[in-house]
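Report on the following structure.
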Amino acid sequence: MDVGKMSMIMSQANLQTQMSFSLMGKAMDHAETQSTEMIKMLDQPQHPDLGHSIDVKA
């Protein structure tokens, strides 16, 4: 295998590795954003008026 062909193969492999890391970083950022939003959603009460009054008529 000549040097030029080997250089091109190594360059393509390096580009694929960089693309994979970039894509993984974006996926991790997206997952972090979603988890932060889910935590905020879970901290809010589902029914804010629930439990503030009791009906004692029977």
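Worth pointing out:
- Only a single item in (1) modelled with pLDDT under 95; (2) of a type outside the set (F, W, Y); (3) open to solvent by 100 Å² or more (accessible area, probe 1.4 Å) is not met by Q18, and it is number (1).
- For the criterion of being out of contact with any Leu (no Cβ under 6 Å at 6 or more places or on another chain) and not in a helix (DSSP H, G or I), Q46 passes.
- Test: residue in the stretch 33-40 that is over 29 Å from the mean Cα position of the chain (by Cα) and surrounded by fewer than 10 Cβ atoms within 10 Å (Cβ to Cβ): no
The values are calculated or read from the model by the stated rules, or taken from the named source; none is laboratory data. Nothing here was measured: the structure is a model prediction, and the numbers come from that model. Reconstructed Cβ throughout: ideal geometry from the backbone, glycine too, with neighbour counts over all protein chains shown. Areas reflect the complete protein model, heavy atoms only, side chains present, ligands, DNA and RNA absent. Shrake-Rupley method; radii C 1.70, N 1.55, O 1.52, S 1.80 Å.
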